[in-house]
Structures are given as C-alpha cells and as structure tokens.
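Enquirer: Have a look at this one.
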Number of protein chains: 2
Amino acid sequence: MARSDTRYREAYNRILAFCETLRVGDDMPSETRLGETAGVSRTVIRRCLSRLAELGVISWDGRDKRLLRVPTPGDRIAVPDAGSDTSDLEQRFLDWVLRFDVPANTALSVAELSRTFDVPQHELKEFLAGLSRFGLVTRRPEGGWRLLGFTKSFAIELSDFRSVLELNAVSHAAEAPVDHPVWSQLADLRADHLRLRAHIDTDFHEFSKLDERFHQAINSVVRNRFTAEFQKVISLIFHYHYMWDKTEEKTRNAAAIDEHLAIIEALEARDAEAARAAAQEHLRTSKTTLLSSLRHHDLG
Amino acid sequence: MARSDTRYREAYNRILAFCETLRVGDDMPSETRLGETAGVSRTVIRRCLSRLAELGVISWDGRDKRLLRVPTPGDRIAVPDAGSDTSDLEQRFLDWVLRFDVPANTALSVAELSRTFDVPQHELKEFLAGLSRFGLVTRRPEGGWRLLGFTKSFAIELSDFRSVLELNAVSHAAEAPVDHPVWSQLADLRADHLRLRAHIDTDFHEFSKLDERFHQAINSVVRNRFTAEFQKVISLIFHYHYMWDKTEEKTRNAAAIDEHLAIIEALEARDAEAARAAAQEHLRTSKTTLLSSLRHHDLG
DNA sequence: ATGCTGCACTTAATAATTTAATACACTGTT
DNA sequence: AACAGTGTATTAAATTATTAAGTGCAGCAT
C-alpha cells in the first residue's frame with residue numbers, strides 16, 4: 001500500500017557491484033558520492049549501506065565505512081521485473097484502437113486498460129489526460145473517459161491539420177541549405193520509389209513503409225516541439241488506416257508513388273511553388289483515402 | 001480516506017426538491033427514473049431513498065414509495081462547497097508562470113502547486129500530463145515535473161508554430177463566404193482600430209484587448225479541434241509577454257494597429273495573397289517583440 | 001574551511017478504501 | 001410471455017493513507 005522500493009533495490013545491486021571493484025579493508029566513498037554514482041539520493045544510499053552492514057559486507061560507523069568481505073552472488077537483492085515497457089503505451093493504445101476498430105464514443109475503463117496494457121492505473125490516467133489535449137478522448141461526466149476519435153469530422157480535421165503542417169514542412173524543405181541531411185534522404189527515397197514502381201505488381205504492400213519514411217523525411221526539416229508530438233499521432237493514424245483499406249491498394253500505391261516523386265523532383269529543383277502544389281495534390285488524395293476507409297468501416 | 005460523497009449529497013437535495021412538487025400520499029417514480037432525472041446511478045438514488053425513509057419523509061417498501069410529509073428546510077443535507085474552480089486551472093497556472101517569471105527548468109512540486117492553486121493533487125498531475133503534450137513541462141527522472149518553457153528556442157518555435165496556424169487561418173478567412181460572421185466582426189474591429197488610433201497617445205494600453213479580439217476573430221474561421229487547444233495557450237503567452245514588455249509600448253501598439261488594418265483591408269478586398277503577406281509581416285514583428293521581451297527578463 | 005553525516009521535513013508514487021456505476025437475476029404485474 | 005422495477009453482486013473511479021525517496025540544514029570531524 002505504498003510506492004515500490006525498486007529504486008532502492010536497483011541502487012543496492014549497483015552499490016554491491018561497486019563493492020566488487022574494491023579490496024577488503026578499503027574505505028568506501030562518501031554517501032553523497034555514492035548517491036551520485038548510483039543516481040539516487042542519500043536516503044536510498046543509507047538504506048543500501050544499512051543492508052550491507054547487516055549482511056556483514058561492510059562495517060559502517062559514521063563516516064568510517066570499510067569493505068569487510070568480497071560480496072557473493074547471494075548478497076544480491078531481487079528486483080521485481082520491470083513490467084512491459086510503459087514508453088510505447090501510445091503506440092500500443094492507438095494500435096489497439098485502430099486494430100479492433102473501437103467505435104467512437106466508447107467508454108474507456110482505466111481499470112480494464114490497465115490490465116490489457118499491463119500499466120499502472122495512474123500512468124494510464126496521465127496518458128489519457130495527454131490524449132485529451134489532442135481531442136482524442138474526453139472525460140465522461142459520470143467519471144472515466146470516452147474515446148472520441150474516428151468520426152468523419154475527426155478525420156477531416158485531422159487531415160486538414162496534417163496538411164497545414166506538412167505544406168509548411170515542404171516550404172521549409174525547398175529552402176533547406178544544400179548540406180542539409182534531407183537532400184541525401186530524398187535522393188535515397190527517390191531511388192527506392194523508382195525501384196518499387198518497377199516491381200509494383202508484386203511488392204505494392206511495401207509502399208506503406210516507404211510512405212512513412214518519406215513523410216518523416218519531409219517533416220524532419222521543421223524542428224518544432226509543438227509539431228513533433230502531433231506528427232507521431234498523425235502518422236500512426238494514417239498509417240493504420242491505409243493498411244486496412246485494401247480496396248484498390250495496388251492502384252492507390254502506384255498513384256501515391258508518382259505523387260511522391262513529383263514532390264521530390266520539385267524539391268530537388270528548388271521549386272517551392274511546384275513542390276507545394278504537388279504536396280497539396282498528394283494530401284488531397286490522402287484525405288480522400290482516409291475518409292473512404294472510414295466509410296467502409298462504419299458510418300460514424 | 002476515500003472518494004467524496006458529494007455526488008450523493010447533491011442528488012439527495014435534488015430529490016428532496018422533487019419531493020416538494022408532490023403531494024402527501026403520492027407515489028414516487030421508479031429508482032431508474034429518479035436516477036435519470038437526478039443524473040446519477042441507482043446506487044446513489046437508493047442511498048437517497050434510505051435517508052428519506054429514515055427521516056420519515058417517505059415510506060419505502062420495495063417498489064412502494066410514498067410521500068409521508070412535505071419536506072422541511074431541515075431535511076436538506078450539507079454540500080461541501082465546490083472549492084475553487086478547477087476548470088480555469090490552465091489560465092491560472094500560465095498566469096502564475098508568466099507573472100512570477102518562473103525560470104525555465106524550475107522543478108514543479110505537485111504538492112506545492114496543489115496548495116497554491118487549491119486543487120487536488122491528482123488533478124494537477126493530469127493537468128501537467130496534458131501540458132507535457134504541448135512541450136511546456138516534462139517529467140523529471142527523479143520524480144515530479146519540470147517547467148520547460150520560456151527559453152529562446154521555445155519562443156522561436158512557438159512563434160513559428162503560431163505563424164503556421166495563423167497564416168492558414170488568414171488564407172481561410174479570405175475565402176470565407178460573404179455571410180460568414182467573421183466579416184461583421186472584422187468590420188467592427190476595423191472601426192475600433194481606427195478609433196483607438198485616433199486616441200493612441202492616451203489609450204495605447206487598450207490595444208492588448210483589441211489584439212486578442214482580432215486574432216481570435218481570424219482564428220475562429222478555422223474550425224479544428226487540434227488547433228483550438230493550441231490557440232488558447234499561444235494567445236495567453238503572447239498576451240502576457242506583451243503586457244510586460246513596456247519598452248516603447250506606445251510606438252509598438254501604434255505600429256501593430258496599422259499592421260492589423262492592413263490585414264483587414266486585404267481581407268475585405270478578398271485579396272488572399274496581400275492578406276497573407278500582411279499577416280506574415282505582422283507575425284514577424286510579433287516574434288521579434290516576444291524575443292526581445294524575453295531578453296529583458298532573463299537570458300534563458 | 002570544508003566536506004560529511006545525522007536528522008527532520010517534504011514530496012512523490014502507489015495501494016487501500018469508500019463511493020458510485022453497472023450488470024444481471026429475480027419478482028410482481030399486466 | 002413481456003415488461004418494468006427491484007435486490008444484489010460485481011466492477012470501476014475518485015480520493016486518502018502510507019511508505020519510499022528527495023532535500024535542506026545544523027553540527028561535527030578532518
């Protein structure tokens with residue numbers, strides 16, 4: 001019924017490993033210094049030292065701390081395994097929403113999500129609070145959360161917003177200095193697009209990865225913390241919806257390749273206007289595709 | 001040590017008020033129906049009915065519930081006063097940051113913020129989690145949160161992002177249909193700008209409000225949930241920084257009035273290109289002002 | 001003087017606890 | 001039988017309590 005002592009356990013093992021580098025009789029560094037090396041506060045260090053003294057690994061009296069014996073594997077302390085990564089919660093959550101086609105206005109139970117994603121409840125609450133800033137979820141008056149996403153209006157607004165960001169990125173790219181990494185990336189992408197176009201009949205499903213790489217390259221020109229967060233969400237959503245809308249996938253992808261190439265060529269010619277126009281065209285197609293993929297799933 | 005029963009208390013008083021509309025001996029509606037009218041679940045309704053029965057206001061046996069006597073003021077139950085509004089936490093928080101000029105990289109203590117803003121800790125955590133999506137705060141590895149904002153790079157990226165959104169809004173405004181409310185708003189704004197320009201020597205400090213109205217009008221043309229959230233934050237930050245940078249406030253405001261008028265005129269002439277150009281000019285000035293106001297405060 | 005420790009106090013993470021919502025079976029009535 | 005309502009059990013959400021961890025300061029030893 002309180003916070004876990006994982007921090008202490010990890011620090012303890014780290015200190016123990018440090019002891020192995022000492023020789024019996026050696027003096028240990030100060031608490032402050034140990035804290036710095038282990039990356040924890042003195043409070044935790046003192047707990048570690050207490051245990052070390054109890055096990056007879058060290059003697060400890062005030063500032064006099066000496067190694068009494070070489071630590072054995074039995075001295076180590078068990079660390080509860082970290083639990084599934086909490087960092088990619090966003091990816092997994094959106095994946096879940098899109099894969100199971102969770103309909104708009106579904107009530108989200110923190111308790112249930114906590115179990116399915118194996119993440120503590122309070123982290124989920126924070127995560128959902130973050131998503132609510134993107135308008136993906138909202139609080140229910142009777143408590144808990146509600147999924148908002150993937151109605152028609154959502155898709156339209158998302159597409160529009162994406163267009164604004166991406167057209168801006170294209171404009172910036174056109175004016176990027178010659179030594180900017182984007183140019184070599186675009187050269188590579190151009191070659192890969194041409195290669196895929198030659199084998200489009202069989203390899204058309206490989207376009208998805210190429211698409212992601214292309215848009216990432218373009219957007220990487222704009223270094224902006226406010227857009228960065230959005231891009232992740234946006235690309236995930238578009239990515240998944242494309243993967244499922246299997247209607248005319250081959251033709252769609254072939255067309256998209258040409259659209260990408262048009263943008264790349266305009267950029268390489270440093271023709272900002274042409275690049276913007278080509279991008280606008282491509283984004284328009286994207287929006288249509290996203291909307292029609294929604295229509296196939298539900299009528300939200 | 002558990003959640004509050006405010007929901008029950010409020011529901012109880014509501015049900016009591018409903019009882020007053022009945023006559024002694026009347027039958028009460030079903031639990032489900034009462035729940036619907038009071039906006040709570042049956043669980044709460046049953047608690048309410050229990051108390052009503054205890055106080056002898058009603059008789060209750062299964063589905064037989066009758067009003068025994070007219071409720072008196074003494075039957076009401078005390079409701080803990082709501083506590084300071086939690087809805088404007090964002091406004092108050094940003095206000096606090098900007099007013100006290102909280103420096104970048106300051107550690108934010110949830111406990112302390114909870115006291116200063118009189119808001120439960122868990123709500124603050126959710127709030128901060130939301131702000132972290134905007135890149136305003138971030139988690140510290142050792143726990144808690146850290147304020148990121150108001151370095152030079154932050155101001156630059158914020159300005160750039162604002163420009164992207166606002167230029168897009170201007171483009172949309174130029175193509176808004178004649179019956180769109182923005183046109184009458186712009187006409188009003190135009191008049192108010194001219195009026196203020198005539199008395200700029202004495203009333204220059206009134207520009208701040210006008211500025212906010214102007215940008216709000218422009219941005220209201222774009223109906224997009226993703227931009228809406230950002231606009232609130234952006235306008236607050238710009239708003240406050242302008243208020244404090246008192247250097248040459250009069251000249252700055254006079255110049256800004258002319259810039260606004262140029263945008264308005266171009267829009268009224270439906271000249272999208274000219275409007276964009278004028279807006280770009282204005283946003284450039286804004287950015288410079290924001291940056292120089294930072295320089296006066298600190299060197300973050 | 002300076003760095004280290006002892007100690008007290010504050011804060012953060014997390015589980016426990018109570019309130020509230022919900023699902024389902026049962027019952028009486030038409 | 002169908003339906004609306006209630007009794008009851010299960011589950012979830014909000015909020016507090018509790019423990020772990022961080023932080024600051026006074027005093028002490030070198």
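Read-outs: derived from the displayed coordinates by stated rules, not from any lab. Computed from a predicted structure; not experimentally measured. Neighbour counts are summed over all protein chains in view; Cβ atoms, including those assigned to glycine, are modelled from backbone coordinates with ideal geometry.
Enquirer: Within a 10 angstrom radius of each residue's Cβ in A:123-136, how many Cβ atoms of other chains show up on average? Whole number is fine.
Expert: The per-residue average across the peptide is 5.
Enquirer: Please report, for A:Trp183, the nm distances (one decimal) from its label point, 7 Å out from Cα along the beta-carbon direction, to the equivalent points in the remaining copies, shortest first.
Expert: 4.8
Enquirer: Given the DSSP H assignment, sum -39500 (n - 2.57) over each helix run of at least 4 residues in chain A and divide by its residue total; what's the result at 222 nm in deg cm²/dmol, nearest 500?
Expert: Working: 13 runs with 192 residues, N = 300.
Calculated from helices alone, the mean residue ellipticity at 222 nm is -21000 deg cm²/dmol.
Enquirer: Something else: From the phi angles alone, apply the Karplus equation (6.51, -1.76, 1.60; θ = phi - 60°) to the stretch B:167-179 and give each ³J(HN,Hα) in whole Hz, x where the residue is Gly or Pro.
Expert: 5, 4, 4, 4, 4, 5, 4, 4, 10, 5, x, 4, 8
Enquirer: Under a point spin-label approximation (7 Å from Cα along Cα-to-Cβ), what is the B:Ala111-B:Thr21 distance to one decimal in nm?
Expert: The two pseudo-label positions are separated by 4.9 nm.
Enquirer: Compute the Cα gyration tensor for the stretch B:1-43, then decide on rounded, prolate or oblate, letting a ≥ b ≥ c be the square roots of its eigenvalues: rounded whenever a/c is under 1.5, prolate when a/b is larger than b/c in the other cases, and oblate in all that remain.
Expert: Values: a/c = 2.98, a/b = 1.90, b/c = 1.57.
It comes out prolate by the Cα gyration axes.
Enquirer: Using per-residue counts of other Cβ atoms within 10 Å, averaged over each peptide, order A:276-283, A:287-294 from highest down.
Expert: Peptide ranking by packing, descending: A:276-283, A:287-294.
Enquirer: Placing +1 at every Lys and Arg Cβ and -1 at every Asp and Glu Cβ, with all other atoms neutral, what dipole size does the stretch A:103-147 have around its Cα centre, in debye to the nearest 20?
Expert: Approximately 180 debye in magnitude.
Enquirer: Helix A:272-297 sits at what angle to the longest principal axis of chain A, using alpha carbons and giving 0 to 90 degrees rounded to 10?
Expert: Roughly 80 degrees, rounded to the nearest 10.
Enquirer: Can you compute the modelled spin-label distance between B:Lys152 and B:Arg99, with each label point 7 Å from Cα toward Cβ, in nm?
Expert: Label-label distance for B:Lys152 and B:Arg99, simple model: 3.0 nm.
Enquirer: Now for a different question. Starting with the highest mean, order B:97-105, A:7-15 by the number of other Cβ atoms within 10 Å, averaged over the residues of each peptide.
Expert: Ranking, from highest mean packing down: A:7-15, B:97-105.
Enquirer: Continuing with the same structure: Please list the non-local residues whose amide H lies under 5 Å from the amide H of A:Asn224, H modeled 1.01 Å from N, same-chain partners needing a gap of 5 or more.
Expert: none
Enquirer: Just tell me which lysines come within less than 19 Å, Cα to Cα, of B:Lys209; anything on the same chain fewer than 8 places away is out.
Expert: B:Lys232, B:Lys246, B:Lys250, B:Lys287
Enquirer: Please state the shape class of the protein assembly as shown: rounded when a/c is under 1.5, otherwise prolate if a/b exceeds b/c and oblate if not, all from the C-alpha gyration tensor.
Expert: Taking the square roots of the gyration eigenvalues as a ≥ b ≥ c, the protein assembly as shown is rounded.
Enquirer: With +1 on each Lys and Arg Cβ and -1 on each Asp and Glu Cβ, and nothing else charged, work out how big the dipole of chain B is about its Cα centre, in Debye to the nearest 20.
Expert: Dipole size: approximately 1220 debye.
Enquirer: Quick one: work out Rg over Rh on the C-alpha atoms of chain B, Rh as Kirkwood radius.
Expert: Working: Rg = 27.2 Å, Rh = 23.6 Å.
Looking at chain B, the ratio lands at 1.15.
Enquirer: Can you compute 3J(HN,Hα) from phi for each residue in the stretch B:144-160, using the Karplus curve 6.51 cos²θ - 1.76 cosθ + 1.60 with θ = phi - 60°, rounded to whole Hz and x for Gly and Pro?
Expert: 3J(HN,Hα) across the stretch B:144-160, in whole Hz: x, 10, 9, 6, 9, x, 6, 8, 5, 5, 4, 4, 5, 5, 5, 4, 4.
Enquirer: Follow-up. List, shortest first and in nm to one decimal, how far the label point of A:Glu248 (7 Å from Cα along Cα→Cβ) is from its counterparts in the other copies.
Expert: Label-point separations across copies, in nm and ascending: 5.7.
Enquirer: Which distances in nm, rounded to one decimal and ordered from shortest, link the label point of A:Asp27 to the equivalent label points in the other identical copies, with labels set 7 Å from Cα toward Cβ?
Expert: 9.1
Enquirer: Check which residues have an amide H placed less than 5 Å from A:Lys65's amide H, if you skip close sequence neighbours.
Expert: Here A:Met28 satisfy the definition.
Enquirer: Further question on the same structure: Calculate the length of the line joining the C-alpha centroid of the stretch B:150-164 to that of the stretch A:141-155, in whole Å.
Expert: The distance from the Cα centre of the stretch B:150-164 to that of the stretch A:141-155 comes to 30 Å.
Enquirer: Using only the Cα atoms of the stretch B:60-184, what are the Rg and Dmax in Å?
Expert: 24.1, 71
Enquirer: Work from the charge dipole of chain A (Cβ charges, +1 for Lys and Arg, -1 for Asp and Glu, about the Cα centre) and give the residue of A:Gln121, A:Ser292, A:Thr151 farthest towards its positive end.
Expert: A:Gln121
Enquirer: Taking the Cα centre of the stretch B:6-75 as origin, sum charge times position over the Cβ atoms of Lys and Arg (+1) and Asp and Glu (-1), and report the length of that vector in debye to the nearest 20.
Expert: So the magnitude is around 180 debye.
Enquirer: How big is D for the stretch A:103-147, in µm² s⁻¹ as a whole number, if Stokes-Einstein is applied with the Kirkwood radius of its Cα pairs at 37 °C and 0.692 mPa s?
Expert: For these conditions, the coefficient is 312 µm²/s.
Enquirer: What list of ³J(HN,Hα) couplings, whole Hz, do you get for the stretch A:100-108 from phi and the Karplus terms 6.51, -1.76, 1.60, once you set θ to phi - 60° and write x for glycine and proline?
Expert: Calculated HN-Hα couplings, in order: 8, 6, 4, x, 4, 6, 5, 6, 9 Hz.
Enquirer: Along the positive direction of the dipole of chain A (beta-carbon charges: Lys, Arg +1; Asp, Glu -1; about the Cα centre), which of A:Pro71, A:Tyr242, A:Ala279 reaches farthest?
Expert: A:Pro71
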